[in-house]
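Below is one structure; the comments refer to it alone.
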Amino acid sequence: MNYWLIVSLLIFAVSGLFSSQKQLQMFQQNSYFPSRYIKWIKTTLSLKTVYSAMFFIVTSALAVVKATNFLPFIAIFELVLRIFNYRSNTKKSIKKLVYTARIKRLIATCSVFLILLVVFSSLNFSMIFSGFFTIIVLLFVHFSEFLVLVCNIINKPIENAINNYYINDAKKILSKHKNLTTIGITGSYGKTSVKFILNRILNEKFNTTVTPESFNTPMGIVRTVRERMKPQTEIFVAEMGAKNVGDIKELCELCNPSLGIITAVGPQHLETFGNVENVAKTKFELADNVLKHSKGRVYVNFDSTPACEYAKTISDKSKIVSFGTSSDFMCYAENISYTPSGTSFIVKYNNWDFPITCKLLGKHSVTNLLGAIAIALDLGLSEKQIRFAVASLKATEHRLELKPFLNGSVLIDDAYNSNPEGCLEAVRVLGSFNGMKRILVTPGLVELGDKEYDYNYALGEEATKHCDFIILVGVKRAIPIRDGISKTSFDSSRVLIVESFKNAMEHLRNMTDKNTVVLFENDLPDNYAG
């Protein structure tokens, strides 16, 4: 038995576990979908991949020729390097790895799997047998993305069994609430904002339970039901997300909403949907479910052209409530006025006609409010209750949220999950701060398929109309935005391209003062940074 080799492989295994943390982080950010994770892997091939290949070849060669006296030193060197990289990645990550129960199970499986491989490599059945498993250990250590994928396959039956148990338990809990009204909210964008707006308004009259943050997947809704549903809950508000056709149908089968809001339909997640038509089809799976209920109603954002056009194909128009900023719609806004401190407008819906003031910014905020107000009025809330609730609203975290910033400046934080229309609207909001130095910081838009270049190009053009300085994050990602800027007469010396968000912050420390407003637009998670 070659003890030097065994000790070396154990040290390598530990270093592989440290390396796998980055891979687990990316796997989690890609919603545990192997196909999306593999796509991310393909986009990150770099010099580090070459170094990993070199280390793998060298260590495998030393193991094969039994020059194992050197292996412990290489293993210790790699372990120290991996620990350093792990700590560095943890500090600079925008969206850190969350050690959920699933991640903990994956880490446990990775650990046991590597130890078993080391054990097999130490068995003296034959040189070929032990040599094969030695090389496999080194392969998984130096390419930990393969380790994560294999262990995910191993865990899949367990994860399916756990998920099915939780889903059935959530269905049982919902079935016990006989008089529960469930409201489903979906759309390409705006659904989280509408959810929080609606929840705040409905709390004036009802006991509500709402999916927190961006819990919009089957397991997110299941977790909400199992952990937050109370016996006194009268209304359950469920945000519903989708990246593939059929996703909303699956969520409806889980919680069976009798009311629904479709916030907007647009070019989001086109890499999986393929086209906007499939996006619309999927979002309106909510309408298909709601219309099965005798008193079901679907509130549709008619400011969104794709949503408006698809709604016209529904046979039972009596159950469709249109809302938006045009007087052609059932619920609409008049006399819209924007200021840096908020928005005011008149709500008109059926026999209701009353003023609204709020601290939210942007035209899309008005549209979001209209959808929530319409459903609240139909559920029996008064004008007074709605006006009070809306006036007390604060911007949803990272969605056109006003904050104090560096050197007494103002920050408009619109960092979360941006989209083409919302991105342009945010830039226009920045432009409304007349008389102040206006700085845009953005890495651009993602997950838009073959339209990604066009939308980022348009963002660059629009930004030149409303900004004094533009900071683009990510050298490669900046190309289409920079091209859009170059088409205009915007002063190129006022455009900065930096490698990371940290670099952008260093520039902002020297650029900001009390007369500066900064917009953070779409602060991308780590799987797109760079």
| note | Restricting attention to segment 224-256, the residues that are among the polar types (S, T, N, Q) and touching a His at 6+ places or on another chain (Cβ under 8 Å) number exactly 1
| request: Hey, can you tell me all the residues within segment 269-302 that are buried (at least 18 other Cβ atoms within 10 Å of the Cβ), under 19 Å from L370 (Cα atoms) and in contact with a Lys or Arg (Cβ under 8 Å, 6 or more places away or on another chain)? | output: R297, V298
| Members of segment 75-121 that are of a type in the set (D, E, K, R) and closer than 20 Å to F33 by Cβ | K95, K96, R102, K104, R105
| note | Within segment 394-422, of all residues that are farther than 21 Å from H507 by Cβ and aliphatic (A, V, I, L, M), the one least open to solvent (accessible area, probe 1.4 Å) is L400
| message | What are the pairs with Cβ atoms under 6 angstrom where one residue, in segment 373-385, is under 15 Å from V194 (Cα atoms) and touching a residue at least 24 places away in the same chain (Cβ under 8 Å) and the other, located anywhere, is among the β-branched types (V, I, T) and assigned to a helix (DSSP H, G or I)? Sequence gap at least six, or different chains. | response | I373/I386; A376/I201; A376/I386
| said: Just checking: which of the helices (runs of 4 or more DSSP H) contained wholly in segment 186-260 hold 3 or more residues that are open to solvent by 30 Å² or more (accessible area, probe 1.4 Å)? | reply: 218-228, 247-255
| request: From the list L97, L81, pick out the single residue that is of a type in the set (A, V, I, L, M) and not in a helix (DSSP H, G or I). | output: L97
| message | Can you confirm whether A264 is surrounded by 15 or more Cβ atoms within 10 Å (Cβ to Cβ) and outside any helix (DSSP H, G or I)? | response | yes
| In segment 444-455, what residues are out of contact with any Lys or Arg (no Cβ under 8 Å at 6 or more places or on another chain) and open to solvent by less than 20 Å² (accessible area, probe 1.4 Å)? | L445, L448
| task | For S489, work out the one condition from (1) open to solvent by 30 Å² or more (accessible area, probe 1.4 Å); (2) in a loop (DSSP other than H, G, I, E, B); (3) within 23 Å of Y189 (Cα to Cα) it doesn't fulfil. | result | (3)
| remark: In the set I173, I197, I128, the lone residue that is over 30 Å from Q23 (Cα atoms) and under 24 Å from the mean Cα position of the chain (by Cα) is I197
| Just wondering, is there one or more residues in segment 129-136 that are open to solvent by 40 Å² or more (accessible area, probe 1.4 Å), within 30 Å of E250 (Cβ to Cβ) and not in a loop (DSSP other than H, G, I, E, B)? | no
| Between residues in segment 142-156 that are closer than 17 Å to K42 by Cβ and residues that are among the basic types (K, R) and open to solvent by 30 Å² or more (accessible area, probe 1.4 Å), which pairs lie under 8 Å by C-beta distance while being six or more apart or on different chains? | S144/K22
| said: Test of understanding: among K96, K171, which residue is surrounded by 12 or more Cβ atoms within 10 Å (Cβ to Cβ), over 30 Å from P231 (Cα atoms) and among the charged types (D, E, K, R)? | reply: K96
| said: Looking only at segment 348-368, filter to residues that are touching a helix residue (DSSP H, G or I) at 6+ places or on another chain (Cβ under 6 Å) and open to solvent by less than 30 Å² (accessible area, probe 1.4 Å); which one of those is farthest from K205 (Cα to Cα)? | reply: G362
| field | Hits in segment 30-71 - residues which are in contact with a Leu (Cβ under 7 Å, 6 or more places away or on another chain) and hydroxyl-bearing (S, T, Y) | value | T59, S60, T68
| remark: Within segment 366-403, residues of a type in the set (S, T, Y) and either in contact with a Pro (Cβ under 7 Å, 6 or more places away or on another chain) or modelled with pLDDT under 90 (or both) come out as T396
| said: Exactly one condition in (1) surrounded by fewer than 21 Cβ atoms within 10 Å (Cβ to Cβ); (2) part of a helix (DSSP H, G or I) is false for A463; which is it? | reply: (1)
| How many of the residues making up segment 303-322 are assigned to a loop (DSSP other than H, G, I, E, B), open to solvent by less than 80 Å² (accessible area, probe 1.4 Å) and either at positive phi or not hydrophobic (A, V, I, L, M, F, W, C) (or both)? | 3
| query | Is it fair to say G431 is open to solvent by less than 30 Å² (accessible area, probe 1.4 Å) and farther than 29 Å from G342 by Cα? | reply | no
| Which condition number does E425 fail, the rest of (1) closer than 30 Å to G260 by Cα; (2) open to solvent by 50 Å² or more (accessible area, probe 1.4 Å) being met? | (2)
| request: Could you check segment 323-441 for helices (runs of 4 or more DSSP H) lying wholly inside it with 2 or more residues that are more than 21 Å from V300 (Cα to Cα)? | output: 383-391, 420-431
| request: Within segment 174-185, track down each residue that is outside any helix (DSSP H, G or I) and either polar (S, T, N, Q) or crowded, with 24+ Cβ neighbours inside 10 Å (or both). | output: N179, T181, T182, I183, G184, I185
| query | Which one of the conditions (1) closer than 24 Å to S409 by Cα; (2) modelled with pLDDT of 90 or more; (3) surrounded by fewer than 18 Cβ atoms within 10 Å (Cβ to Cβ) does V441 fail to meet, given that it meets all the rest? | reply | (3)
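The values are calculated or read from the model by the stated rules, or taken from the named source; none is laboratory data. Note that the structure is a prediction, hence the values are computed from the model and not measured. Backbone-built Cβ (ideal geometry, glycine too); neighbour counts: all protein chains shown. The area values use the complete protein model at the heavy-atom level, side chains included, leaving out ligands, DNA and RNA. Shrake-Rupley method; radii C 1.70, N 1.55, O 1.52, S 1.80 Å.
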